[in-house]
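Some notes on the structure that comes next.
Each reported figure results from applying straightforward, stated rules to the coordinates on display, with no laboratory input. In this text, all values refer to a predicted model and were calculated from it rather than measured experimentally. Every residue, glycine as well, gets a Cβ built from its backbone with ideal geometry; the counts of neighbours run over all protein chains shown.
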Amino acid sequence: MAATDLERISNAEPEPRSLSLGGHVGFDSLPDQLVSKSVTQGFSFNILCVGETGIGKSTLMNTLFNTTFETEEASHHEESVRLRPQTYDLQESNVHLKLTIVDAVGFGDQINKDDSYRPIVDYIDAQFENYLQEELKIRRSLFDYHDTRIHVCLYFITPTGHSLKSLDLVTMKKLDSKVNIIPIIAKADTISKSELHKFKIKIMGELVSNGVQIYQFPTDDEAVAEINAVMNAHLPFAVVGSTEEVKVGNKLVRARQYPWGVVQVENENHCDFVKLREMLIRVNMEDLREQTHSRHYELYRRCKLEEMGFQDSDGDSQPFSLQETYEAKRKEFLSELQRKEEEMRQMFVNKVKETELELKEKERELHEKFEHLKRIHQEEKRKVEEKRRELEEETNAFNCRKAAMEALQSQALHATSQQPLRKDKDKKKF
Ligand code: GTP
Ligand code: MG
């Protein structure tokens, strides 16, 4: 026998031995304990309604839960698709249900519908992320955590009788790995019986050929296998919604009244509303919650943790410890940080050098400018000085001339003042 086989045998857990009990012990009440615990805790169920504006989403929700949820009509002018969650506390017998209805407001109203699915995908991912963050916390409180993960997406198909729109196919394809999709044909009273039959076949064919995975009612539980298998063949359900009560015979029933007759919501010959309600609420609600956790959330969690660098085992199937992965990631992060720091430091040094050079160049230019101005100034000064000297010389020459003139003038004055005297003397002589 090979060594590894021996090891496997010695490591294998011993088979539990069966023992019969001598009397009643009480652990057969375990299921009751679980039921009682779950009932006290309450349940949450989150429905996402995707379908074009006015397709009958709110009416169907009101009809399904036999109540009136507060909703406002969406306009056809939303710039992009917007997710609007509303949570309600419902009670039936002693069971509390925290129901969240999320409306994809404005779906299909944009001219460019390329990214119509994105806000929906982002919303679903954000709920998974919130749950993952809660799980990763040191102090987790998953017991009273309000789980907002979407358990089912009711995809409302317009009753055109033709085929699925490409927007429907693209959106369902983007959502099918993230949420349980139940496609429904809305306003089924607006399409004839034979057209509806063909339309259903066409839709299922298109979903299959485009590889869109819709939710299949589970057939592994014997108790519901038969009914679920039958219901799977009825997909997509063709539904009619109405909260209006109409008297049929001597009974009040929910229906839509037309001049030519009455469409009864809960009449299985008129539409598949009862089938949808049975499958969604009465038979498979827990499976939808379970699938959300074990399939869709698990996939999100796995991708997210792998993205963060966590792995279960390496090539030799040696389990990776969380600590090792953390250390490796930490080292990787630190070296990346160091590299970035060095890069930034180098960038800073280069920038300083560049600025220094620029400043030096500026200084040199300024200096040159200053020298130039200084030279001009000196030249000007010299010219002014020369002018001043010339002016001084001219002033001196002028003063000299002035003095000479004055002297001449005084001589002349003196000469004229002497002449009458001589004349007088001459007169006296005569
Ligand atoms: P927004 O929230 O504004 O996008 O609309 P909605 O999808 O919630 O549609 P809503 O339930 O407000 O219904 C819009 C109109 O369609 C109303 O006049 C409803 O009476 C009508 N309607 C709803 N369900 C049905 C149906 O099954 N058949 C028919 N013929 N009309 C319906
Ligand atoms: Mg609405």
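The antiparallel fraction among DSSP beta bridges confined to the chain stands at about 55%.
Per residue, the convex hull spanned by the Cα atoms of the chain measures out at 478 cubic angstrom.
Scalar couplings 3J(HN,Hα) for segment 395-405, obtained by applying the Karplus form with A = 6.51, B = -1.76, C = 1.60 to θ = phi - 60°, are 4, 4, 4, 4, 4, 4, 4, 4, 4, 5, 4 Hz; x denotes Gly and Pro. Measure nothing but the geometry: give the 0 to 90° angle between the long axis through the Cα atoms of 118-136 and the longest principal axis through the Cα atoms of the chain, rounded to 10°. Taking the Cα atoms of the chain, the angle to 118-136 is about 80 degrees. The mean sequence separation of alpha-carbon pairs under 8 Å and at least six residues apart, normalised by the residue count of segment 257-358, gives a relative contact order of 8 percent. Pick from GLY23, GLY106, GLY249 the residue whose mean-square fluctuation is largest in a GNM of the chain, springs joining Cα atoms under 10 Å. Most flexible of the set in this elastic network: GLY23. Projected onto their three principal axes, the Cα atoms of segment 1-147 cover extents of 72, 48, 30 Å, largest first. Take the chain, connect every pair of alpha-carbon atoms lying under 10 Å apart with a spring to form a Gaussian network, then pick out the residue of ALA407, ALA126, ALA233 with the largest mean-square fluctuation. Comparing ALA407, ALA126, ALA233 in the GNM, the peak value goes to ALA407.
For segment 98-198, the orientation-averaged shadow of the C-alpha convex hull comes to 8.3 nm² (one quarter of the hull surface).
With respect to the chain, whose longest principal axis is taken over its alpha-carbon atoms, helix 30-41 is tilted by about 40°.
Among the trypsin sites (Lys or Arg not before Pro) within segment 64-113, those in coil by DSSP and having at most 16 neighbouring Cβ atoms inside 10 Å are LYS113. Taking the number of Cβ atoms within 10 Å of each Cβ as an exposure proxy, the fewest-first ranking of MET405, MET285 is MET405, MET285.
Counting only alpha carbon atoms, the long axis of helix 222-232 and the longest principal axis of the chain meet at about 60°. For the peptides 207-213, 336-342, the ranking by mean Cβ contacts within 10 Å, running from highest to lowest, is 207-213, 336-342.
Building the convex hull from the alpha-carbon atoms of segment 235-346 and averaging its projection over directions returns 15.5 nm². By other beta-carbon atoms within 10 Å, ranking HIS372, HIS96 with the fewest at the front produces HIS372, HIS96. When ILE376, ILE185 are arranged by Cβ crowding within 10 Å, least crowded first, meaning fewest neighbours, the order is ILE376, ILE185.
Other residues within the sphere of radius under 14 Å centred on the Cβ of GLU195, judged by their own Cβ, net out at +4 (K and R +1, D and E -1). Counting charges near GLU380 (Lys, Arg +1; Asp, Glu -1) among other residues having Cβ under 12 Å from its Cβ returns a value of +3.
The packing ranking, built from the mean of other Cβ atoms within 10 Å per residue, places the peptides 191-204, 133-146, 49-62 in the order 49-62, 191-204, 133-146, highest first. Inter-part distance, segment 233-247 to segment 355-373, computed on C-alpha centroids, equals 86 Å. With the convex hull drawn around the C-alpha atoms of segment 182-305, the volume per residue stands at 141 Å³. Sequentially through segment 185-198, phi angles give Karplus couplings (6.51, -1.76, 1.60; θ = phi - 60°) of 8, 7, 6, 5, 6, 9, 10, 6, 4, 5, 5, 4, 4, 5 Hz, Gly and Pro residues having no value and appearing as x.
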